[in-house]
Amino acid sequence: MERWFCGFVIQNNCFPENLPKPVDGKLLWQEGNYLWLCGNWKKQQIITISENLVRIAIIGSCLAPYETVTKLFKNAIKEGDYSQLMRLPGSYNLIVQDKADTYIFVDVAGIKSAFYAVYNSVVVYSSLAITLQQLLKTGVDESWLATFLSGSPTLSLVQKRSPFCGVQPIPPGHYLHISSGKLTCNRYWYKPQEYKSFSDAAEYLHEQLLTAVEGRINLYGNISSDLSGGFDSTTLALIASKTLANQGKQLITITDKTFSATQSSDVKYAQQAASLYPNINAVMIEDRELPSEYAGLESFPLTDAPDPLCLDMARINCRMEIMRSNGCQLHISGQGGDEVLSSSHCYCVDLLKQLKLITFLWHVYGWSRLGTCSAFPLIRKSISLSFSSYRQWLIQKTKEIKNGEILLKSFNSLTDSEESLAWDFLPEFIGWHTKKSINLVLEELHKWAIVATPFANNPGEHQAIADIQLNGATIKAEQQVVDVYDVNLESPYLDTLVIDACLSAKPEERTSPFAYKPLLIKAFQHDLPQSIFTRNSKGEYTADEFIGFRKNRDTIKEVLKTSLLADMGLVDIKTLQRAMQSFSMGLYGGMSLFNITLTVELWLRRLVQNNHSFWLQEDWYKQPKL
């Protein structure tokens with residue numbers, strides 16, 4: 001978390017000299033309101049334009065030429081609609097000051113997040129929630145923690161909550177409007193209202209993804225890229241390689257040769273892809289040189305919110321050291337490809353609601369064959385879900401959980417296909433969750449069910465957007481972790497315009513049991529070697545997780561001798577310790593919830609131990625209450 005921004009919107013009765021000042025901050029503007037840039041921002045990451053009493057700041061990777069931004073800025077003033085400035089290629093925040101009004105925009109995926117709070121009658125906003133938590137000296141939100149522990153971060157997103165009391169997020173695809181002391185959050189982004197033909201959607205994706213990769217290469221210097229062997233990272237790496245070849249430059253690619261990557265043939269596909277272009281400098285990290293998962297828990301990072309990604313901290317550090325040693329300024333990540341190029345099986349419910357019965361039956365049959373299960377439970381569940389609104393479904397599921405009709409995670413016998421046929425991600429409870437924790441989650445479910453609003457009118461479309469924003473939260477956490485290396489981690493698949501391109505294709509054409517990521521193949525069939533599109537499966541990495549757990553179980557056991565979560569009454573420490581014994585014997589039921597619990601525990605400890613102040617005055621800082 002080396003780069004962030006913050007701003008103060010002051011009222012008439014406030015004296016500017018009384019405002020706190022951020023550490024390593026530089027004022028971008030100060031007339032009327034204050035906007036600070038903190039840390040080591042690159043010149044190309046900041047665009048400012050002003051005209052009369054209106055000014056804007058674009059912070060992040062905006063890939064449009066300055067002339068294009070200026071033209072759109074003037075048009076936005078004329079039409080009174082600043083949201084059109086979020087339609088430029090790239091990933092960034094937009095801050096607008098129009099006379100006395102201020103607008104703060106967040107991207108569609110939520111990677112470029114922003115938060116706000118009221119401090120001494122002053123509205124303060126920041127790209128980091130933890131900076132506002134430190135300023136307000138506020139504690140963590142136990143209901144948020146309980147919800148996260150149950151594996152239901154989506155509920156936290158849609159309820160506009162952060163892990164900290166008094167600190168509010170601006171949701172993805174929304175903007176905060178501050179006018180005369182009044183705060184309103186408004187949605188500016190909606191999925192494409194009309195579907196394109198498959199060919200047109202593929203051409204749209206082709207155009208936007210090329211712009212997303214080529215634009216970043218032109219914006220930064222030395223480039224590295226993921227090359228896992230999967231479709232998503234391979235496509236980005238080869239686009240980058242071709243672009244860099246025209247500039248006489250090399251591309252550094254990173255491939256982890258773990259046990260799982262080798263067993264699933266990812267390494268083989270990565271090696272084949274790396275051999276296609278001579279300017280690819282492929283770094284293959286041998287398994288023996290790569291730290292195992294769960295290694296390096298003692299260096300668990302401080303982030304805005306807990307994320308299980310951080311359990312892999314030692315591996316992240318290993319990769320980042322390679323990038324830094326090669327002088328990389330930008331690393332292109334393939335994260336987000338699965339979410340935009342595929343959909344959950346819930347799109348089948350949308351087919352049923354649209355009366356596309358033959359396509360519905362054909363796709364359900366295809367998924368049942370792939371999942372080696374009967375098609376009848378999928379048909380039955382699809383029919384039931386097609387008659388339920390989002391709010392009705394939530395109310396019904398809340399009742400079922402309260403009545404014990406939905407079993408604990410470790411006893412859940414549903415197939416993956418059946419579990420995905422739902423409006424949203426339901427909370428999952430397991431033995432070490434206390435009654436207090438469960439009750440807090442149920443209270444949140446009940447409150448949300450009363451006012452629930454989906455991202456879209458159909459379950460499949462709603463889940464597609466929820467998946468994108470959940471992945472955006474993970475990428476944001478990873479960006480905060482790698483900031484210390486002064487490397488810009490970028491995920492082109494989650495640029496707003498790339499998301500729009502993918503969602504412009506019909507779900508049944510974007511996702512199919514009969515073809516693997518057909519939209520991406522169609523989009524680049526004439527640009528990239530067809531050999532990279534021959535595989536029809538995704539690598540499975542569960543074995544790496546189990547190997548890492550066995551190697552580091554003594555360390556994990558030591559960590560869980562005590563627990564802040566147990567002190568808060570959210571987990572039963574003895575039940576959690578017994579679960580660890582089961583994992584040691586190879587019984588891995590509930591492992592995902594265990595990882596979430598371990599993540600939250602380590603995050604809380606890191607938060608309490610934090611002695612870094614984001615504000616110049618020492619009295620602004622105080623250790624958080626739990």
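The values are calculated or read from the model by the stated rules, or taken from the named source; none is laboratory data. Keep in mind it's a predicted model, so treat the numbers as computed, not measured. Neighbour counts are summed over all protein chains in view; Cβ atoms, including those assigned to glycine, are modelled from backbone coordinates with ideal geometry. Quick note on the areas: whole protein, heavy atoms, side chains included, nothing else; ligands and nucleic acids left out. Shrake-Rupley method; radii C 1.70, N 1.55, O 1.52, S 1.80 Å.
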Please go through (1) over 27 Å from the mean Cα position of the chain (by Cα); (2) buried (at least 16 other Cβ atoms within 10 Å of the Cβ); (3) touching a residue at least 40 places away in the same chain (Cβ under 8 Å) for ILE316 and return the number of the only condition it doesn't satisfy. (1)
Exactly one of these conditions fails for LYS26: (1) touching a Leu at 6+ places or on another chain (Cβ under 9 Å); (2) of a type in the set (D, E, K, R); (3) at pLDDT below 90. Give me its number. (3)
How about region 515-531: which of its residues are exposed (fewer than 12 other Cβ atoms within 10 Å of the Cβ) and assigned to a loop (DSSP other than H, G, I, E, B)? HIS526
Looking at (1) at positive phi; (2) modelled with pLDDT of 90 or more, find the lone condition where ASP486 falls short. (2)
Region 491-507, subset open to solvent by 10 Å² or more (accessible area, probe 1.4 Å) and touching a helix residue (DSSP H, G or I) at 6+ places or on another chain (Cβ under 6 Å), residue farthest from SER233 (Cα to Cα): PRO507
In region 345-387, the residues that are part of a loop (DSSP other than H, G, I, E, B) and out of contact with any helix residue (DSSP H, G or I) (no Cβ under 7 Å at 6 or more places or on another chain): GLN354, LEU355, LYS356, THR372, PHE387
Please pick out the residue among THR474, THR434, THR534 that is over 27 Å from TYR195 (Cβ atoms), open to solvent by 20 Å² or more (accessible area, probe 1.4 Å), among the polar types (S, T, N, Q) and without any contact (Cβ under 8 Å) to a residue 40 or more places away in the chain. THR534
Counting just the residues of region 51-96 that are among the polar types (S, T, N, Q) and modelled with pLDDT of 95 or more, which one comes out farthest from SER491 (Cα to Cα)? ASN75
So which residues in region 3-19 are part of a loop (DSSP other than H, G, I, E, B), at pLDDT below 90 and in contact with a Phe, Trp or Tyr (Cβ under 9 Å, 6 or more places away or on another chain), if there are any at all? ILE10, CYS14, LEU19
Scanning region 561-604 for residues that are part of a loop (DSSP other than H, G, I, E, B), of a type in the set (A, V, I, L, M, F, W, C) and modelled with pLDDT of 95 or more, the one nearest to LYS436 (Cα to Cα) turns out to be LEU570
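Here are LEU297, LEU290, LEU251: which of them is touching a helix residue (DSSP H, G or I) at 6+ places or on another chain (Cβ under 7 Å) and either in contact (Cβ under 8 Å) with a residue 60 or more places away in the chain or of a type in the set (Phe, Trp, Tyr) (or both)? Before you say what the answer is, go through the steps one by one.
Values: LEU290 fails: either in contact (Cβ under 8 Å) with a residue 60 or more places away in the chain or of a type in the set (Phe, Trp, Tyr) (or both); LEU251 fails: either in contact (Cβ under 8 Å) with a residue 60 or more places away in the chain or of a type in the set (Phe, Trp, Tyr) (or both).
Residue meeting the stated conditions: LEU297.
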Of the residues LYS74, LYS78, LYS99, which is surrounded by fewer than 20 Cβ atoms within 10 Å (Cβ to Cβ) and free of Cβ contacts under 8 Å to residues at least 12 places away in the same chain? LYS78
Check on ARG550, outside any loop (DSSP other than H, G, I, E, B), among the basic types (Lys, Arg) and farther than 13 Å from ALA202 by Cα: yes
